[in-house]
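Working notes for the structure below.
The values are calculated or read from the model by the stated rules, or taken from the named source; none is laboratory data. Predicted, not measured: the structure shown is a model, and the values here were computed from it. Note that we place each Cβ from the backbone using ideal geometry, even for glycine, and neighbour counts take in every protein chain shown. When the accessible area is computed, the model is the full protein with side chains, heavy atoms only, and any ligands, DNA or RNA have been set aside. Shrake-Rupley method; radii C 1.70, N 1.55, O 1.52, S 1.80 Å.
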Amino acid sequence: MRLKTILLILSLLTLASTVVGGTYYYYSLRESAVAVANRRAASLTETLTNQISSSLSQNQKPARALASLPEIQKALNDPSEATLTQANLVLDRFQTALEVGVCYLLNHQGLTVASSNRNSLDSFVGHNFSFRPYFKQAIKGDAAKYLALGTTSLKRGAYYSHPVFAPDGAKPIGVAVIKAPIRLLEQKSMQPSVGYSLLVGPDEVIFSSNRPDWLFNTLWESDLKDWERIAISRQFGDGPWPWSGLARTGEHTARDKEGNEYLLYSSPVKNFPGWRVVYLRSLADVAEWAFRPYARSTGAAVLGLILLAGLSVYFLYRKASGEILRRRMAEQDLRRSEERYRSLYHNTPALLHSIDTDGRIVNVSNYWSDALGYSDEEVIGRKLTDFLTPTSRRHAEEEILPAFFATGRAKDISYQFVKKNGEVVEVLLSAIAERDEKGRMIKSLAVLVDVTELKKTEEELRRAQEKLSQYSRDLERQVRQRTREITSFLRYTPAVVYMKDAQGRYILVNSRYEELFGLSNEEVWGKTVDDVFPPEVAGQFKRHDARVLGSKRPYQAEERIPFEGDYYTYLSVRFPIIDESGEVSRLCGILVDITGLKKAEEKLRRLSGNIMASQEKERNAIARELHDELGQVLTALSIDAVWLRQRLTDSDPKARARAENMCAIIDQTISEVRSIATRLRPPALDDLGLVDALEWHTGDFEKRTGISCVFSHNGVPPVSDRVAIAAYRVTQEALTNVARYAQASNVEVSLKADKGQLTLSVVDDGQGFEVEKLSEREELGIAGMRERASLAGGTLEISSLPGQGTEVVLCLPLELKNGEKP
């Protein structure tokens, strides 16, 4: 009896121990499964976020490229039918090449002027999207990305906008937009093997998910104010936006309306503020995943194990406890190791990948995916050579891969990878093999260094070196040619050429200099003008040199130089050579012999003076003949006509009328003859002097032309005939030009004598002109006035601008009548 009781008690104790041990093992296993599920959920959430971020960022650069095309800029600057047609063709090409939904162009008011869907029922052309944030940000000059439901197409999309700048780059004149459909993102990046992935936007609205019934639901329960804010943004359609039924129960757990519990992890989407990726996994699935293998193997043997467990429960319990403890420690060590490896693998700023013995990719780093533009799903399982250019592929298949699989090492192998967008990337690859305990190769670990920019730099450097070599050769050839030309110029030019340093020492003279002064280049080198020329010649040279050195500008002057007992006149042109610091390093001079020209000018001046003196004498003679001879004849004729008119007063009225007409004509002719004679040679000029002559002429001018003419003077003394005639004729010619061309209302003539100089000015308020653009006929009149001024020893200056009138100023040396001094 006691034995049975003891056995029963032992059996009960065994059963209780088995139940307790099984329960403890169940909860320990469940806790371990949940922990593993949490780690996998966090890792999968990060992977989904990276994939979605990469997918959502891939069209930003195409948007910038689209905005920079000249066809797009022309369509906004000049929206004609031709420019809009060209822009639509560009938009069609981008839409086809990028495999996106729509590419369209907005003007500065947000109105769609061109679109790749212009022929569709939901065409964007003519619709205004100025309310969209992507337009508001881009029109201010910044690129933008935006996720929303289309107001026209009612399709979800990712919008990429970039400002289109004017040709001068001053400010945006419109916005180029690329809209990519979200369905492509869902197919590639939103399909985890287990659980639900959600793309949640501002105000917690579910924008994308692999669970369609949650689309445009709010993740958490919201109130009416939230709905009003969502409706105002127009980002997620017109609503309604019902609640998904989820509610948080912990930091990483949630429960839906049916009571199902989920693991919950979220991660923000890069470059999309307010957007995040949420991953949900059912805890029931976690438990099923953890215990399914055990349920299959323990079904029929549970009863036998319970009976056996009663005999060894104590030892099994201790062994299980120790095993659980060791497993937990191993899992912690493994988790830390995996986290370190994963962090190092994915965050290292280098392209990392692994291939198996068949050359297929088994793993790539995040940097590898981002740099080449592929997602993990697009590359895992494919051969590495599929992503190489044809040349690199042959090189890898024929040489590099066989050598690597034989040796297990590769270093600095040059490859060309092809990015998803078709761009070629130059890399240097180094790899080692990972082997098992038997030394067999399992997979590789390869590190790729992007050397695209380095290759471009090397190529540009090579081209630059070639250009520099060519430029050096051309420069040497040009220097030799210029040296020959300059040498020939210095040797054969009839001009005197020399060069001095800043201290006035000769460093170069040409052959004409040597011939003229009888000094060789070697004899004058290092000497100054004081060492070479007499004091009077050296003095004028030094004065002119000092003027150039002081002003740092060219200077032209006439210089008299003795040669073979006579003096020759040279036109000297001096100019400085400025160094990098802005100081004069050299002074160059060129002297041209103008002695013959000066003599010819003097002869011409004397001839012109004789011609004008003869003209004045001829005018005086003609005026005297008109006044004395023709005037007397006309006066006698007038007396006879008056007598005839009186005789015919009663006898013949018609003849009397004809006689009266004859008297009037004769009187008018007498007046005109007197006027002509006066203008040819006014008696006042000979009898009363220059002031009275000008007084009479200005009054006569006002009477004849109707132009107001005011004459003023300050008590000018009687001047010589030469000065008087020159001043009178210049006034006469100036007033004639006013009457012909100026269209003036007022003219002011002033004459004054001061400090031994007589100054005459004629100023009108007419239409003016550009002095440099005078016609040949007009230039002749002004040349005549200048010639008269020059013959009288004076100068003539003319100032005029269109619309500002004209001023003629004559300056003469004051010569008094009878040779008196002023």
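Observations, loosely collected:
- Checked against the criteria, Pro576 does not count as assigned to a strand (DSSP E or B), in contact with a Pro (Cβ under 8 Å, 6 or more places away or on another chain), over 21 Å from Ile486 (Cβ atoms) and without any contact (Cβ under 8 Å) to a residue 40 or more places away in the chain.
- Residues of the range 531-544 that are out of contact with any Ser or Thr (no Cβ under 9 Å at 6 or more places or on another chain) and farther than 18 Å from Leu516 by Cβ: Pro535, Gly539, Arg543.
- Residue satisfying condition, being open to solvent by 30 Å² or more (accessible area, probe 1.4 Å) and modelled with pLDDT of 85 or more, within set Gly381, Gly359: Gly381
- Annotation: Ala170 fulfils all but one of (1) crowded, with 18+ Cβ neighbours inside 10 Å; (2) within 24 Å of the chain's Cα centre (by Cα); the unmet one is (1).
- Candidate set from the range 539-572 (those that are acidic (Asp, Glu) and outside any strand (DSSP E or B)); member that is most open to solvent (accessible area, probe 1.4 Å): Glu564
- Residue within the range 481-495 that is buried (at least 16 other Cβ atoms within 10 Å of the Cβ) and touching a residue at least 40 places away in the same chain (Cβ under 8 Å) present: yes
- One residue stands out in the range 175-206 among those that are basic (Lys, Arg) and either buried (at least 21 other Cβ atoms within 10 Å of the Cβ) or out of contact with any helix residue (DSSP H, G or I) (no Cβ under 7 Å at 6 or more places or on another chain) (or both): the one that is nearest to Gln51 (Cα to Cα), namely Arg183.
- Residue tally, condition open to solvent by 50 Å² or more (accessible area, probe 1.4 Å) and either of a type outside the set (S, T, N, Q) or closer than 17 Å to Ile361 by Cα (or both), over the range 387-402: 8
- Filtered by the rule that a residue be out of contact with any Ser or Thr (no Cβ under 6 Å at 6 or more places or on another chain), of a type in the set (S, T, N, Q) and surrounded by 17 or more Cβ atoms within 10 Å (Cβ to Cβ), the range 793-812 gives no residues.
- Selection status of Arg360, out of contact with any helix residue (DSSP H, G or I) (no Cβ under 9 Å at 6 or more places or on another chain), closer than 23 Å to Pro192 by Cα and basic (Lys, Arg): no
- Residues of the range 207-240 that turn out to be in contact with a helix residue (DSSP H, G or I) (Cβ under 8 Å, 6 or more places away or on another chain), among the aromatic types (Phe, Trp, Tyr) and under 26 Å from Ala41 (Cβ atoms), as a count: 2
- Within the range 480-511, if we keep just the residues that are at pLDDT 75 or above and small (Gly, Ala, Ser), the residue that is nearest to the chain's Cα centre (by Cα) turns out to be Ala502.
- For the range 763-775, the condition of being of a type in the set (A, V, I, L, M, F, W, C), modelled with pLDDT of 85 or more, under 20 Å from Thr698 (Cβ atoms) and surrounded by 19 or more Cβ atoms within 10 Å (Cβ to Cβ) holds for at least one residue.
- Residues that are closer than 15 Å to Met499 by Cα and charged (D, E, K, R) do not occur anywhere in the range 553-573.
- Scanning the range 703-752 for residues that are closer than 14 Å to Val808 by Cα and of a type in the set (Val, Ile, Thr), we see that the one that is most open to solvent (accessible area, probe 1.4 Å) is Thr736.
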